[in-house]
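Working notes, structure below.
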Amino acid sequence: MIQIQARIPRSDMIRCALCANAPCDTACARLKPSDLLRHVWFLNEQCAAQSLPEKNPCLTCSAPCERACVRAGEVHIHDLINRLYYQVKLDAETPLPADESRLQCELCGIPLENPFLLSSSVVASTYDMCARAFEAGWAGICFKTINSMDIHEASPRFSAVSGSDGGIIGFKNIEQLSDHSVTENMEVFRRLKANYPNKFILASIMGQNEEEWGTLAKLCEENGADAVELNFSCPNMAEGGLGSDIGQVPELVERFTAAAKRACSIPVLAKLTPNVASMIPMAEAAKRGGADGIAAINTIKSVVGVNPHTYVSAPAVHGRSAVGGYSGNAVKPIALRFVSEMAQEDSLKGLHISAMGGVETWQDALEFILMGGGTIQVTTAVMQYGYRIIDDLKAGLNLYLAEKGFASVKEAVGLGLDSLSATTDVLERDTVVFPAFDRERCIGCGRCMISCADGGHQAIRLDSRRKPVLDGKKCVGCHLCVLVCPQRAISPRTKRIVRKKA
């Protein structure tokens, strides 16, 4: 059974705080509930269920884990574990893979143990942080951008758009580059390569001229970096022709890429900005300069959280703010579009694409892989949940590959591209797929009726029991009702209705 549809939705454990050193673990003598809850949160319930012991220890348990919870009485741990046993575990058809060999891949010919890297940011900015990430299971890191400038950060420098559960949907930062010296960062590389020789070090750099781009690339190679990533895309370093200002000018992308390639013999990736209509001209310029791959996307220029009393947007720094970079799960659709466009472009064939932009779960990562990403980079989810999410990224993707019969993750790269068109002109328009209502699951809220009446085609009414009734003559199969139903009680029918032509 393919595990794409989660059996236990996040909404059922929405009050779980995903604690550090979780009190529920201390209270339970037989299981580690926090791991199981995290697996469910990250759409990995099959792995959680199959990791459980054969006999259910919760049957005769008084649920001390729930009493110990920091939100005692709000997270129904006992019920969730029983559902893992009696719903998910019983339905599991593919056993957990014995090893992670399916995850092995490469970046520009360099072998990786799995496709997951930390992207260039605060999450990969010191020796200790990178070492802990390696120990956790990340295959590699893209170190925070090395430069020779004098960096002084603002405080505060982060803000966010939150969802109904309090979690971060979109994340804004006005952070700049590494504030450690080049010498200090080179020492970090030497220590990491000495202690973790099989882990991948991607060195992000930013120069102020051709000579500096070359000098930094050479230094990174000499001190243990496996590849170099050229930061042509930081939205917070645009003054004086830096960052995303470079990434919008093909001539500069080509020139500085060529400068880095002349200076080093390791692979060079160009990290491109999404603050353009199309990345393809910039990617082509990078390829002309000798780039071996593309990294995309960086953050999107944004304004969030305008205070209605002070009129200052967030983050406010002594009464002022600035346009900053937007990331997080909210930008994933935009990132997928840019990645897929480059992967489909014939002129860019042969370039490795290291994809990023809103990856939180293994399913997010899979979407980028299917759209052409050969490796996956992550930052914002790590900032929110920690390095520990690598367990779910690896386990979920590994099980999916086993279920689908893939011998390697490399076999899945780009499989979704053939069905994707840049325009809607190619889509079939002669049939209608009606919605199907699960009347037992339906709670009679009428949200489907409201949305269809005010945002659709007035094709739904409620009967005397407050259950939806469809008017097939009016329904056009737009599926707005499917999307708004809070109970997930509406789904597409399998039968297609042939539209009568006028």
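Every read-out reported here was derived from the displayed coordinates using simple, explicitly stated rules and does not represent laboratory data. What you are looking at is a predicted structure, and each value in this text was computed from that prediction instead of being measured. Cβ sites come from the backbone with ideal geometry, for glycine too, and all protein chains shown count toward neighbours.
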Exercise for the section: Treat each spin label as a single point 7 Å out from the Cα along the C-beta direction, and report the Leu96 to Arg496 distance in nm. Expected result: 4.1
Fill in the blank from the handout: Treating only Lys and Arg (+1) and Asp and Glu (-1) as charged, each at its beta carbon, one finds that the chain has a dipole about its Cα centre, in Debye to the nearest 20, of 2220
Practice task
Using only alpha carbon pairs under 8 Å that are at least six residues apart, calculate the relative contact order of the stretch 10-91 and give it in whole percent.
Solution key: 36
Fill in the blank from the handout: If every Lys and Arg gets +1 and every Asp and Glu gets -1 at its Cβ, then about the Cα centre the stretch 10-91 yields a dipole, in debye to the nearest 20, of 120
Problem - Bridge type composition, the chain - antiparallel percent by DSSP, nearest 5 - result: 50
Fill in the blank from the handout: Here the residues of the stretch 78-109 lying in the modelled label zone of Ser51, meaning backbone nitrogen under 15 Å from a point 7 Å along Cα-to-Cβ, are 81, 84-85, 89, 96-100
Fill in the blank from the handout: Contact order relative to length for the stretch 431-498, counting C-alpha pairs under 8 Å separated by 6 or more residues, stands in percent at 48
Completion exercise
Longest the chain segment clear of GluC sites (Glu not before Pro) sitting in DSSP loops (not H, G, I, E or B) with at most 16 other Cβ atoms within 10 Å runs 240-344
Exercise for the section: Pull up all non-local amide H partners of Thr145: gap of 5 or more, or a different chain, and H-to-H distance under 5 Å with H placed in the peptide plane. Expected result: Ser121, Ser178
Practice task
Apply the Karplus parameterisation 6.51 cos²θ - 1.76 cosθ + 1.60, with θ equal to phi minus 60°, to every residue of the stretch 341-358 and state each ³J(HN,Hα) to the nearest whole Hz, in sequence, with x for glycine and proline.
Solution key: 4, 5, 5, 7, 7, 4, 5, 9, 4, x, 7, 6, 10, 9, 9, 7, x, x
Exercise for the section: Rounded to whole Hz and in sequence order, give me ³J(HN,Hα) for the stretch 39-48 from the Karplus expression 6.51 cos²θ - 1.76 cosθ + 1.60, θ = phi - 60°, writing x for Gly and Pro. Expected result: 4, 5, 4, 9, 6, 10, 5, 5, 5, 4
Exercise for the section: Please tell me the relative contact order of the chain in percent, rounded to the nearest whole number, where contacts are Cα pairs under 8 Å and at least six residues apart. Expected result: 13
Problem - Most positive-pole-ward Cα, Gly386, Gly357, Thr431, against dipole of the stretch 337-435 from beta carbon charges - result: Gly386
Problem - Phi-based couplings in Hz for the stretch 172-181 (Karplus 6.51, -1.76, 1.60; Gly and Pro marked x) - result: 10, 9, 10, 6, 9, 9, 4, 9, 8, 6
Fill in the blank from the handout: Put in order of increasing Cβ neighbours within 10 Å, starting from the fewest, Lys144, Lys261 give Lys261, Lys144
Practice task
Average the reciprocal distances over every distinct pair of alpha-carbons in the stretch 10-91, invert the result, and give the Kirkwood radius in Å.
Solution key: 12.5
Exercise for the section: Using only the alpha carbons of the stretch 431-498, determine the length spanned along each of the three principal axes and report them from longest to shortest in whole angstroms. Expected result: 31, 23, 21
Problem - Mean-position separation - Cα centroids, the stretch 255-300 and the stretch 363-420, in angstrom - result: 23
Exercise for the section: Mind counting lysine pairs for me in the stretch 368-502? Cα separation below 28 Å, and the two need to be 8 or more apart along the chain or on different chains. Expected result: 10
Exercise for the section: Would you please state the base-10 log of I(q)/I(0) at q = 0.07, 0.08, 0.12 1/Å for the chain, with intensities from the Debye formula using one equal scatterer on every alpha carbon? Expected result: -0.44, -0.57, -1.20
Practice task
Taking the Cα centre of the stretch 351-502 as origin, sum charge times position over the Cβ atoms of Lys and Arg (+1) and Asp and Glu (-1), and report the length of that vector in debye to the nearest 20.
Solution key: 1040
Problem - Lys/Arg +1, Asp/Glu -1 at C-beta; the chain dipole; positive extreme among Tyr85, Leu52, Cys130 - result: Tyr85
Completion exercise
When the charge dipole of the chain is computed with +1 on Lys and Arg Cβ and -1 on Asp and Glu Cβ about the Cα centre, the Cα farthest towards its positive end, among Ala343, Cys61, Val498, belongs to Val498
Problem - Theoretical ellipticity at 222 nm over the chain - DSSP helices of four or more residues, -39500 (n - 2.57) apiece, nearest 500 - result: -8500 deg cm²/dmol
Practice task
Among Lys410, Lys271, Lys89, rank each residue by its count of other Cβ atoms within 10 Å, from fewest to most, as a rough exposure measure.
Solution key: Lys410, Lys89, Lys271
Exercise for the section: Starting from the Cα of Tyr311, step 7 Å along the direction of its Cβ; do the same at Ile110; then give the gap between the two resulting points in nm. Expected result: 5.0
Problem - Radius 12 Å from Cβ of Val469, net charge of other residues (Lys, Arg +1; Asp, Glu -1) - result: +4
